[in-house]
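Here the structure is laid out as structure tokens; the discussion comes afterwards.
The values are calculated or read from the model by the stated rules, or taken from the named source; none is laboratory data. As the structure is a computational prediction, the values presented were derived from the model and not from experiment. Cβ coordinates were reconstructed from backbone atoms using ideal geometry, including for glycine residues, and neighbour counts include every protein chain displayed. Keep in mind that these areas ignore ligands, DNA and RNA; they rest on the heavy atoms of the full protein, side chains included. Shrake-Rupley method; radii C 1.70, N 1.55, O 1.52, S 1.80 Å.
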Amino acid sequence: MTKKPARTPRTLPAVTLSEDDGVRYLHLDSIWIQGGMRIKKPQVVEIDYVQRMLAALLWLPTDVLGGGQAVQLGLGAGALTRFTAVQLKMATTVVEINPQVIAVNASHFHLPAAAEVVRGDAADWLAQATPGTVRLLHVDLYDEEAAAPVLDGEDFYRACREVLEEGGVMSVNLFGRHASFRGSISRIAAAFGSHQVWSLRPTREGNTVVVAGRGVVVPDRDALTARAAHLEQRYGPLGLPARKWLRMVRPYQPEPPAAAP
């Protein structure tokens, strides 16, 4: 697995905050936004790519929403943690390596008391997690350079698949306009199987959300449309335009083999 050396708290980037037009943003010692929250409406999922991370809910039957285990690898500004713990009322665990991120979430981003917070490395957590226990897994692992995921190896994605229950889904934030994207999605496909990987269109900022499932059975279009309508009716005011997501989804297409010289 391609993995950066473990870092001590002294070498982890400092957390800084900014505010603009009623939204509080979290940064890791850089101009890059690692997450945000509308101050007067903390349950709204404010940032476009974070909303699209929740598109993985389309792959889950409506009658299982609100049950099972949700896990976030990377806390950011806590939008996904707030949504799964408070709105979906799922048992929620979040794994975050930077203690400052955890502390700032508790003081400035309404970190839910019901969420289990694990301070540690995501790969280490996966290594000791019980297989087949997670229904909804979100992976958003960027450092202050925000160039490519910190954990992005095929064996990392295999560990993500291993922790999912049958029918469980993972969504990953990738930079779709970055040179690393094709390699990242191909490693996800190698770990999950090409037929279990989908992607959404990139956001204006270039974030592409990839969804991967473990034994997911995709229903027909009418059933998917009904799922999207249910999600949007219930959570649309919180930033989930689920019917719009359906128009963004594309199945994974492997790169064609290079032509012989």
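Here are the numbers for the structure shown:
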{"item": "Count of Lys pairs (Cα-Cα under 30 Å; at least 8 positions apart or interchain) in the chain", "result": "5"}
{"item": "Net lengthening on full extension, Ala226/Arg247 (0.36 nm per residue, minus Cα-Cα)", "result": "6.2 nm"}
{"item": "Environment charge at Ser171 (Cβ cut-off 12 Å; Lys +1, Arg +1, Asp -1, Glu -1)", "result": "0"}
{"item": "Ala179/Ser107 FRET efficiency (R0 35 Å; Cβ-Cβ; nearest 0.05)", "result": "0.40"}
{"item": "Relative contact order (%) - criterion: Cα under 8 Å, at least six apart; region: the chain", "result": "18 percent"}
{"item": "Ratio of the Cα radius of gyration of segment 70-152 to 2.2 N^0.38 Å, where N counts its residues", "result": "1.04"}
{"item": "Candidates Val95, Val249, Val163: whichever shows maximal mean-square fluctuation once the chain is modelled as a Gaussian network with Cα springs under 10 Å", "result": "Val249"}
{"item": "Hypothetical label at Thr11: residues of segment 106-137 whose amide nitrogen lies under 15 Å (7 Å Cα-Cβ projection)", "result": "121"}
{"item": "Helix-only [θ]222 nm of the chain, DSSP H runs n ≥ 4, -39500 (n - 2.57) each, per residue, nearest 500", "result": "-7500 deg cm²/dmol"}
{"item": "In Å², nearest 10: area of Thr133 left accessible to a 1.4 Å probe", "result": "60 Å²"}
{"item": "Dipole magnitude of the chain, debye to nearest 20 (Cβ charges: Lys/Arg +1, Asp/Glu -1, about Cα centre)", "result": "520 debye"}
{"item": "Helical segments meeting 15 Å axial Cα length and Kyte-Doolittle 0.0 threshold in the chain (DSSP H)", "result": "181-192"}
{"item": "Share, in percent, of DSSP beta bridges within the chain that are antiparallel, nearest 5", "result": "55 percent"}
{"item": "Around Phe109: net Lys/Arg minus Asp/Glu count, Cβ-Cβ under 9 Å", "result": "+2"}
{"item": "Per residue, in Å², the accessible surface of the chain once ligands and nucleic acids are set aside, probe 1.4 Å", "result": "46 Å²"}
{"item": "Residue among Pro149, Pro241, Gly74 farthest towards the positive dipole end of the chain, charges placed on Cβ", "result": "Pro241"}
{"item": "Extent along principal axes [Cα atoms of segment 47-249; Å; largest to smallest]", "result": "45, 36, 35"}
{"item": "Longest to shortest principal axis, alpha-carbon extents of segment 132-226, angstrom", "result": "39, 28, 20"}
{"item": "Residue order for Glu96, Glu116, Glu232, Glu205 - accessible surface, 1.4 angstrom probe, largest first", "result": "Glu205, Glu116, Glu232, Glu96"}
{"item": "Neighbour net charge for Tyr49 - beta-carbon separation under 10 angstrom, K R +1, D E -1", "result": "-1"}
{"item": "Using a Förster distance of 25 Å, the FRET efficiency for Lys41-Val218 (Cβ separation, nearest 0.05)", "result": "0.15"}
